[in-house]
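The values are calculated or read from the model by the stated rules, or taken from the named source; none is laboratory data. None of these values were measured; they are calculated from a predicted model. Positions of Cβ are backbone-derived with ideal geometry, glycine not excepted, and every protein chain shown enters the neighbour counts. SASA here: full protein model, heavy atoms, side chains in, ligands and nucleic acids out. Shrake-Rupley method; radii C 1.70, N 1.55, O 1.52, S 1.80 Å.
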Amino acid sequence: MGSDKASFQHLGWWALVLALLLGACQAHPIPDSSPLLQFGGQVRQRYLYTDDAQETESHLEIRADGTVVGAARQSPESLLELKALKPGVIQILGVKTSRFLCQGPDGTLYGSLYFDLVACSFRELLLEDGYNIYQSEARGLPLRLMPHNSPSWDLDSWGPTRFLPLPGQPPEPPEPPRVLAPEPPDVGSSDPLSMVWPLQGRSPSYTS
């Protein structure tokens, strides 16, 4: 009896150890600490509209020749793709021209076919009124459009430009081909459904 009791206690301890091991080996979801996951949609299509009180009221537009201007109306060249590079830092790409928005050392904006981390990375600062401010991450220069009819301007004295990101409209689907409605049957005809083709001529079998 004593040996049986010892064996039972020994098996009980092994069962307890096995249960603890199985509990420790259960799979639990590991929270992903990637900072990019805070951007639900990492790529956004937007129009950047500015209406600051310095005679600039337009949409930022990247043209095929690389120039960056302000357009009064939305256009295919002003539809931009904003993609997160890291928390608070984005790249801006012209959807139609496939040119990256970049900024030179003097603050001049231009569109480049090639992405440059120093010239084409912008820090995105969100304001309470829904507008955003963009600054060159490497140089700290504000992103702003040149005022109309102004050959030169002092970037530092004017300060940053506020941009309102407007959602980009998806392209309209092509119209389906139009199908002509069938003509109504001729109820007065002996063949209202046109199931009998008209004879183009008598068969040679009936030719005498």
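Tyr110 - would you say it is assigned to a strand (DSSP E or B), aromatic (Phe, Trp, Tyr) and touching a helix residue (DSSP H, G or I) at 6+ places or on another chain (Cβ under 9 Å)? Criteria not met by Tyr110. The residues of the range 79-130 include none that are under 16 Å from Gln42 (Cβ atoms) and more than 19 Å from the chain's Cα centre (by Cα).
Taken together, the residues in the range 75-92 that are open to solvent by 10 Å² or more (accessible area, probe 1.4 Å) and without any contact (Cβ under 8 Å) to a residue 40 or more places away in the chain amount to 7.
Checked against the criterion of being aromatic (Phe, Trp, Tyr), open to solvent by less than 20 Å² (accessible area, probe 1.4 Å) and touching a Pro at 6+ places or on another chain (Cβ under 8 Å), the range 126-145 contains one or more residues that satisfy it. Being under 17 Å from Gly168 (Cα atoms) and surrounded by fewer than 21 Cβ atoms within 10 Å (Cβ to Cβ) is the filter here, so list the residues in the range 94-116 that pass it. If the condition is that a residue be under 17 Å from Gly168 (Cα atoms) and surrounded by fewer than 21 Cβ atoms within 10 Å (Cβ to Cβ), then Val95, Lys96, Thr97, Ser98 are the ones that fit.
Based on this model, can you work out whether Pro151 counts as within 25 Å of His59 (Cβ to Cβ) and either among the hydroxyl-bearing types (Ser, Thr, Tyr) or modelled with pLDDT under 90 (or both)? Yes; evaluated as a whole, the condition is true for this residue.
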